[in-house]
1. Quick one: in region 28-56, of everything that is in a loop (DSSP other than H, G, I, E, B) and touching a residue at least 40 places away in the same chain (Cβ under 8 Å), which residue is surrounded by the most Cβ atoms within 10 Å (Cβ to Cβ)?
2. Among the residues of region 1-20, which ones are in a helix (DSSP H, G or I), surrounded by fewer than 12 Cβ atoms within 10 Å (Cβ to Cβ) and modelled with pLDDT of 90 or more?
3. Need the failing condition index for F70 against (1) open to solvent by less than 60 Å² (accessible area, probe 1.4 Å); (2) within 13 Å of the chain's Cα centre (by Cα); (3) aromatic (F, W, Y), just the number.
4. Condition test on I67, is it touching a residue at least 40 places away in the same chain (Cβ under 8 Å), more than 15 Å from P111 (Cα to Cα) and not in a strand (DSSP E or B)?
5. At least 1 residues that are more than 19 Å from A58 (Cβ to Cβ) in each: list the strands (runs of 3 or more DSSP E) lying fully within region 89-135 that qualify.
Amino acid sequence: MKRKFSSYLVQDLSTIKFQMPYFLQKFGIFCLLDNNQYDFNKSYEYVVGAGAIRSVIANENNKLTAIDSFIQEADDWIFGHVAYDIKNEIESLHSLHPDGIQFPDFLFFVPEIVFIIDGNKLQIGVINNFNADEI
């Protein structure tokens, strides 16, 4: 199923940035990226992926090869993280530092909802049973 985007005019960027983390609390997973109004040539001011339609997480059996197949199958927006210790898969380096947060080496997900702020325009991209106007 293809993601559908709807556009809305942003009246007050700072209010949306303040309210968004509260809205995102209802999702089990989200990724919020804010460029803090830094002037890049081609970038968005604010991008958020919320909820997960599907995901891939590092475990002993699937490490880096799982990321490639996940990207190919997704054909959509993908958010996630790569931990520092993934270096052990890429090069023959090993560290024994304690892991205080217990995040996996990587986790990527296709979000249920994508929010993009570019200039004074908010785009909301949805799949499945979500309605951008209700959000």
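The values are calculated or read from the model by the stated rules, or taken from the named source; none is laboratory data. None of these values were measured; they are calculated from a predicted model. Here the Cβ is made from the backbone with ideal geometry for all residues, glycine too, and neighbour counts use every protein chain on show. Side chains included, ligands, DNA and RNA excluded: accessible areas come from the protein's heavy atoms. Shrake-Rupley method; radii C 1.70, N 1.55, O 1.52, S 1.80 Å.
1. The selected residue is E45.
2. Of everything in region 1-20, those that are in a helix (DSSP H, G or I), surrounded by fewer than 12 Cβ atoms within 10 Å (Cβ to Cβ) and modelled with pLDDT of 90 or more turn out to be T15, F18, Q19.
3. (2)
4. Spelling it out, I67 is indeed touching a residue at least 40 places away in the same chain (Cβ under 8 Å), more than 15 Å from P111 (Cα to Cα) and not in a strand (DSSP E or B).
5. Of the strands (runs of 3 or more DSSP E) lying wholly inside region 89-135, those with at least 1 residues that are more than 19 Å from A58 (Cβ to Cβ) span 113-118, 121-126.
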